[in-house]
Amino acid sequence: MIETFVSSNSTCTKNCRTLVCFFAGVLTYRNNFEAAASEIAKRYQNVKILTIFPYGTANGKTRFSFIRLLAKQLTKVSYDLSNDQSKRVTSLSQIISKHAETSDHVILIGHSAGGVIAYRTGLLLEKKYGFQQLQVFAVGCPKFHLRDIPYNNRFTYITGQNRDRITQIGKWRKPGSRIYIGRPGREIQMEFNPAHQGWKFHASYFLKSDWTDSNQVFRSNSEKLVSKIQELDQETNSQDRYS
């Protein structure tokens, strides 16, 4: 079941110039994106922030129901990885188009399998609802087959310096296909909290997760990630204005 919430970090709820949507993957709690949402609110004025759980949240689950939820979610993820469109994508494009009726700036940010949904939802928003300049960012996301289309120029794929098993899944290009030969416009590797390893590393991209980098500068994962997203967003917007 899709769950969608307006973040309490939003600085606007009606007639908002900017809409930022976070898309979750599997086994994600409702507060997972709040540290990143707080960083968004610092950098964008008049912004509504949505947190979207295409596969539902993990809140309130017992250990037994947790396992059942994961099995159910992974079945849906498998479908979304191999199909360009699903009921989830159709439903979310409708939901987001309503929230973005007065927005001229839309940013979609997906974590893990949520990155797949963010990409596909953005593409449908462009085709069906006429959103032409939205930006899509997938963080710690599995790869999936991409068509070679202009939309990919506004798609950024972000990974971290430590091994993340999820980013090892899939490929952009489908062997033997003349259709699925695309790639993201940008593929970027960033440095996140090096103390995290394995699944903990995968789960922490959007968390506050404080650490000190090699130059002894204090960092947090959420601050560094959102700062980079804003930098790339501004860079693309500048290119669009002069193209």
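With springs only between Cα atoms under 10 Å, which of Lys143, Lys42, Lys208 fluctuates most in a Gaussian network model of the chain? Highest fluctuation of the listed residues: Lys42.
Let's see if you can work this out: charge +1 on each Lys and Arg Cβ, -1 on each Asp and Glu Cβ, no other charges. What is the dipole magnitude of the chain about its Cα centre, in debye to the nearest 20?
Details: 34 positive and 19 negative charges, 175 e Å.
Dipole size: approximately 840 debye.
Within the listed set Thr212, Thr159, Thr28, the Gaussian network model of the chain (springs between alpha-carbon atoms below 10 Å) gives the highest mean-square fluctuation for Thr212. The shape of the stretch 37-105 can be summarised by an equivalent ellipsoid whose semi-axes, obtained from the alpha carbon gyration tensor, come to 28, 19, 9 Å from longest to shortest.
Among the lysines of the stretch 1-152, pairs at least eight places apart or on separate chains and with Cα atoms under 26 Å apart come to 28. Would you work out which of Phe144, Gln132, Pro175 lies farthest towards the positive end of the dipole of the stretch 104-209? Charges go on Cβ: Lys and Arg +1, Asp and Glu -1. With unit charges placed on the Cβ atoms, the residue in question is Pro175. When only alpha carbons are used to place a centre, the stretch 62-93 and the stretch 131-204 end up 19 Å from one another.
Ignoring ligands, DNA and RNA, please state the percent of accessible area on the stretch 106-220 from carbon and sulfur, probe 1.4 Å.
On the way: 2660 of 5390 Å².
For the stretch 106-220, the apolar C and S fraction of the accessible surface comes to 49 percent.
Per-residue surface analysis assigns Val217 an accessible area of about 60 Å², computed on protein heavy atoms at 1.4 Å probe radius.
Could you put Met1, Met190 in order of accessible surface area, largest first, with the 1.4 Å probe and the full protein assembly present? Could the numbers behind the result be given before it?
Working: Met1 150, Met190 15 Å².
So the residues, ranked largest to smallest area, are Met1, Met190.
When the Gaussian network model of the chain links Cα atoms closer than 10 Å, the mean-square fluctuations of Gly115, Gly140, Gly176 top out at Gly176. In this structure the chain gives 50 Å² per residue of accessible area when probed at 1.4 Å with all protein chains present.
Rolling a 1.4 Å probe over the protein heavy atoms leaves Asp148 with an accessible area of roughly 110 Å².
With a cut-off of 11 Å on the backbone N, no residue of the stretch 125-159 is near the modelled label site 7 Å out from Ser238 along Cα-Cβ.
A dipole drawn for the chain from +1 and -1 charges on Cβ atoms has a positive end, and of Gln73, Ser220, Thr51 the residue lying farthest that way is Gln73. For the stretch 147-173, the residues whose amide N sits under 20 Å from a probe point set 7 Å from the Cα of Gln132 along the beta carbon direction are 149-155.
Extension gain for the segment Val6 to Lys171, taken as residue separation times 0.36 nm less the Cα-Cα distance, is 56.1 nm to one decimal. Shape verdict for the stretch 126-178, please, from the Cα gyration tensor: rounded (a/c under 1.5), prolate (a/b greater than b/c) or oblate. Oblate, since a/c reaches 1.5 and b/c is not below a/b.
According to the square roots a ≥ b ≥ c of the eigenvalues of the Cα gyration tensor, what is the shape class of the chain, taking rounded for a/c under 1.5, prolate for a/b larger than b/c otherwise, and oblate for the remainder?
Working: a/c = 1.14, a/b = 1.04, b/c = 1.10.
In terms of gyration-tensor shape, rounded.
Each label was represented as a point 7 Å from its Cα along the Cα-to-Cβ direction; for Ile149 and Asp84 these points are 0.6 nm apart.
The values are calculated or read from the model by the stated rules, or taken from the named source; none is laboratory data. None of the values given here were measured: they were computed from a predicted structure. Every residue, glycine as well, gets a Cβ built from its backbone with ideal geometry; the counts of neighbours run over all protein chains shown. Accessible surface is based on the protein model in full, side chains and every heavy atom, while ligands, DNA and RNA are left aside. Shrake-Rupley method; radii C 1.70, N 1.55, O 1.52, S 1.80 Å.
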